[in-house]
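Working notes for the structure below.
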Amino acid sequence: MIERIILELGPWSWWVLGLLLLAAEVVAPGVFLVWIGIAAILTGALSLLLWEAGFWVWQAQLVFFAVLSVAAVFIGRRILARSGNTSDEPLLNQRGARLIGRTAVLEQPIIEGRGRIRLDATTWPINGPDLPAGSRIKVTGSSGSHLIVESA
């Protein structure tokens, strides 16, 4: 059945495949299928020109499509890497880094360089100089789930 559809559509079958891939990119975005869809449409454009040529059999079309897909993905990744997608919230998923510069009062002392503080509704493990409870501290950095603090 699929073979019959491809034979009836001829070179337009590549266009249909390309449009289906572009539609799939809209449904499941990831900026990957778009490059393969573009490769299918370009293969279809070349097929319109070479459809009657004896060497443009389905195997040659498939090889051309595969090579063009790989090239399109690499070119697309390079284009996206250069675009420098900057976010208006660069620290959105870096909770520890978002707390740098905040100050707090120690509820418990820092003993042997380790302690805990409460910021907002979260208790954080901290590393810093030994300080008694009630001392004011400032968050200066983060390392994994630990905050690095100093006396404020």
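The string of couplings for segment 56-67 from the Karplus curve (6.51, -1.76, 1.60, θ = phi - 60°) is 8, 7, 4, 5, 5, 4, 5, 5, 4, 4, 5, 5 Hz, one whole number per residue in order, with x for Gly and Pro.
Its relative contact order, with pairs defined as Cα atoms under 8 Å and 6+ residues apart, puts segment 51-152 at 21 percent. With contributions of -39500 (n - 2.57) from each DSSP H run of at least four residues, the per-residue ellipticity at 222 nm computed over the chain stands at -15500 deg cm²/dmol.
Is the chain best put as rounded, prolate or oblate by its Cα gyration tensor, with a ≥ b ≥ c the root eigenvalues, rounded for a/c under 1.5, and otherwise prolate when a/b is larger than b/c, oblate when not?
Values: a/c = 5.42, a/b = 4.59, b/c = 1.18.
Prolate is the answer for the chain, as a/c is 1.5 or above and a/b outweighs b/c.
Run the numbers on segment 95-151 and let me know its relative contact order in percent, using alpha-carbon pairs under 8 Å that are six or more apart. Here the relative contact order equals 38 percent.
At 0.36 nm per residue, and after removing the present C-alpha to C-alpha distance, how many nm does the segment from Asp130 to Val70 gain when stretched out fully?
Numbers: separation 60, 0.36 × 60 = 21.60 nm, distance 5.65 nm.
Stretched out fully, the Asp130 to Val70 stretch lengthens by 16.0 nm.
Between Pro90, Ile36, Val63, the Cα set farthest toward the positive side of the dipole of the chain (charges on each charged residue's Cβ, about the Cα centre) is that of Pro90. Shape class for segment 95-151: prolate, because the ratio a/c of the largest to smallest gyration tensor axis (alpha-carbon atoms, square roots of eigenvalues) is 1.5 or more and a/b beats b/c.
When the chymotrypsin sites (Phe, Trp or Tyr not before Pro) in segment 52-152 are filtered for DSSP coil states and for at most 15 other beta-carbon atoms within 10 Å of their beta-carbon, the remaining sites are Phe55. Remark: the chain carries a charge dipole of roughly 540 debye about the Cα centre, counting +1 on each Lys and Arg Cβ and -1 on each Asp and Glu Cβ. Can you classify segment 2-83 as rounded, prolate or oblate using the Cα gyration tensor, where a ≥ b ≥ c are the square roots of its eigenvalues, rounded means a/c under 1.5, and otherwise it's prolate if a/b beats b/c and oblate if not? Oblate shape, in that a/c is at least 1.5 and b/c is the bigger or equal ratio.
Every number in this text was worked out from the coordinates using simple rules, so none of it is lab data. Computed from a predicted structure; not experimentally measured. Neighbour counts are summed over all protein chains in view; Cβ atoms, including those assigned to glycine, are modelled from backbone coordinates with ideal geometry.
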